[in-house]
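What follows is a set of notes on a single structure, which appears directly below.
Values in this text are rule-based calculations from the coordinates and carry no lab data. Just so we're clear, the structure is a prediction, and the values are computed from it rather than from any experiment. No Cβ is skipped: glycine too gets one built from the backbone with ideal geometry, and neighbour counts run over all protein chains shown.
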Amino acid sequence: MSNTLSHFLFWQKNSLKTRLVISALLMIIIVLPIIGITLNNAFSEQIRHSIKNELSAYSYAILAVAEVDNKQLFMPEQLLDNQLNVSQTGLYALLVDSKKQQILWRSKSLLGLNDPTNLPRPKLGETKFSDINLAGKAHLIYSFSVSFGAGKSALPMTLHIIKDKTQLAHVIGDFKQQLWTWLILLMVLLVLVQLVWLKWTLKPLRVLQQELADVEKGERAQLQQDYPQELQQVTNQLNLLLTTEQNQRQRYRNALADLAHSLKTPLAVMQSQQDLSASSQEQLQLINQMIEHQLKRAQSAGQAAWHLGIKIAPIAKKLVNTLAKIYQDKQLTINCIVDENISFKGDEADLMEILGNLLDNACKAAKTQVVLNAHIIDEKLEISIADDGNGIALNKRKDILQRGMRADSYQQGHGIGLAIVRDLVDSYQGELLIEQDVQLAGALFVIKLPFIR
C-alpha cells in the first residue's frame, strides 16, 4: 500500500481531531463573546430604561406642585426630593417656556452651574429621553412638554429632568467587568471540557490507529477491539481485507512451493542422465538457478509492507564493503550516504537484491567512484546510485526499462539484474528512473518508493 490506513485516518493536515478542536474553539470564541456583548447591551438598555422611569416619576412629582396664574409660574421653595434642593447633587430640574425658550424655573441643585444649552424640544404631550453634556460631564435628560391653561391664557412649557451618568457608568462598568471575567472563566472551562470530551469521543479512533500500527508491524493479524457502531462496518471490512490478503498470500506461497517441487524433480532427472554433455549440464544448472531465483522473486512481489521494516544503512554498508573487496583491482571509491533511521518497508532479501544489482552494475561501469544516497523527499523514500562511467544513452533509457527487453543488450555493466530490480520496484508500487548524474557525469539510477512511517 502507498499509505497506511493509520496515516489515512490521522493525517495531521486533515485530521478529525483538528477539525473538531477548531470548530469547538470557533464556537466558544465566537458565540460566547456575542453572548457577552448582547448581555452587556441588554443590561445597559435596562439600566437606561430604569433611569427613564425614575426621571419620569420625578417629572410628575414636580408638575404636581407647579402652579400657573395669569401665565406666571409659581413653584414651592422646597421640593419633596431633597436632591433637587441641594447644590450640584447630580439631579437637576428646570422648566422652559416652549415658545420663547426662556427658563421659567430651575432647581436649587443647579446653583453654581451654567444653564444647559441645546435642550430637547419634544412636541406638546410627548416626551424625549436622550444624552446631554452639562458642566463637562455626560448626563441623561428626560424632557416632557405640557401646557398649563387653555386658549390665550395657556402657558406651554417643557420640564427637563437631568441626571448625572457617573453612577450609571460605574454600574455598567462593574457589570461589564464581572460579565467578561465570568465569560473568560467559562471559555477556559468549556475549552477544557471540550478537550476532555474530544479525548473521550476520539478514543476509538486512537485505539484503531494503534491497532493498525500493530498490524503494520506484524504484531497482530486482526482488529480485535470493540468499536462503536459508526466504526464497526469499517473495522469489519478491514478485518475481511486482512483475512483475504493473508489467505491469498498463503495460497500463493503454497502454489509456488508446489511449482518449485514439480519443476525440481524433472530437472533432477534430466541432470542425472549420464549422456548429457557438459554444455547441457551447465544449461540445466543455469535453468535450476533461474527457477530458484524467479520463484523467490515472484513470492516477494506484490506483498504489502505490513511489518516493522528493514534499516537500509546496515545492508547498504555491508554491500558496499563486499563490493569494495570484489572490485579491489579497480580501486573504486564507494561512498554510502544513508540516514541511520531510514527503513525499507519490505523484505530484506528484496532490498539486498535491489541494492546489490544496482551497486554491482555501478561498480562495473564506474571508473573511479560510486555514490549511494538514501533519503526522504516529499513523503517518498528515494534511493539513488550514481557512477562516473560512460552513462546510458538517452535513447536507450526508456527501452532499457521496458518489460521484456534484455537490458544487458544495451551496454556492458547493466545486465539482467536491472530487469530484476525493475520488477521488484514495481511490486512495491515504486518507480525506477535512469538519468545522468550532474556531478559524476555517469549513470544515475533513482528509485522512488512510497514512504510508510
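Using Cβ point charges alone (K and R +1, D and E -1), the dipole size of segment 1-201 about the Cα centre works out to roughly 780 debye.
Round to the nearest 0.05 the FRET efficiency obtained for Thr166 and Leu124 when R0 = 30 Å and r is the Cβ-Cβ distance. In this case the efficiency is close to 0.40.
Cβ-to-Cβ counts within 10 Å put Leu183, Leu241, Leu212 in ascending order as Leu241, Leu183, Leu212, the fewest first. A dipole drawn for segment 1-201 from +1 and -1 charges on Cβ atoms has a positive end, and of Ala135, Thr18, Thr158 the residue lying farthest that way is Thr18.
Listed from fewest to most Cβ neighbours within 10 Å, the set Cys336, Cys363 follows the order Cys336, Cys363. Here r is the Cβ-Cβ distance between Met27 and Glu54 and R0 is 41 Å; the resulting FRET efficiency, rounded to 0.05, is 0.55.
Multiplying the residue separation of Val68 and Leu276 by 0.36 nm and removing their Cα-Cα distance gives an extension gain of 60.1 nm.
Restricting to Cα pairs below 8 Å that are 6+ residues apart, what does the relative contact order work out to for the chain? Please round to a whole percent.
Values: 616 pairs, mean separation 50.3, N = 453.
Relative contact order comes out at 11 percent.
Using the average count of surrounding beta-carbon atoms within 10 Å as a protection proxy, the listed peptides 338-351, 111-124 rank, highest first, as 338-351, 111-124. Using R0 = 51 Å, the C-beta based FRET efficiency linking Lys100 and Trp182 works out to 0.45.
Within segment 13-102, the proportion of Cα pairs with more than 18 Å between them is 68 percent.
Do any of Lys367/Lys398; Lys100/Lys128; Lys364/Lys398 go past 26 Å between their Cα atoms, and which?
none
Assuming charge only on the beta carbon of Lys and Arg (+1) and of Asp and Glu (-1), the dipole of the chain about its Cα centre is about 1380 debye to the nearest 20.
Placing pseudo-labels 7 Å out from each Cα toward the beta carbon at Leu39 and Lys199 gives an inter-label distance of 2.7 nm. Per-residue ellipticity at 222 nm from helix content only, as computed over the chain with -39500 (n - 2.57) for each DSSP H run of at least four residues, stands at -17000 deg cm²/dmol. Counting 0.36 nm for each residue step from Glu245 to Gln210 and taking away their Cα separation leaves a gain of 10.6 nm.
Of the residues Ser279, Phe148, Ser107, the one whose Cα sits farthest toward the positive end of the charge dipole of the chain, with +1 on the Cβ of Lys and Arg and -1 on the Cβ of Asp and Glu, is Phe148.
Here the simple spin-label model places points 7 Å from the Cα toward Cβ, and for Ile377 and Ile326 these points are separated by 2.6 nm.
Put simply, when 26-34, 424-432 are sorted by average Cβ atoms within 10 angstrom per residue, most first, you get 424-432, 26-34.
For segment 310-450, a simple Cβ point-charge model (Lys and Arg +1, Asp and Glu -1, everything else neutral) yields a dipole of about 340 debye relative to the Cα centre. Panel order for Arg48, Arg251, by other beta carbons found within 10 Å of each beta carbon, from fewest to most: Arg251, Arg48.
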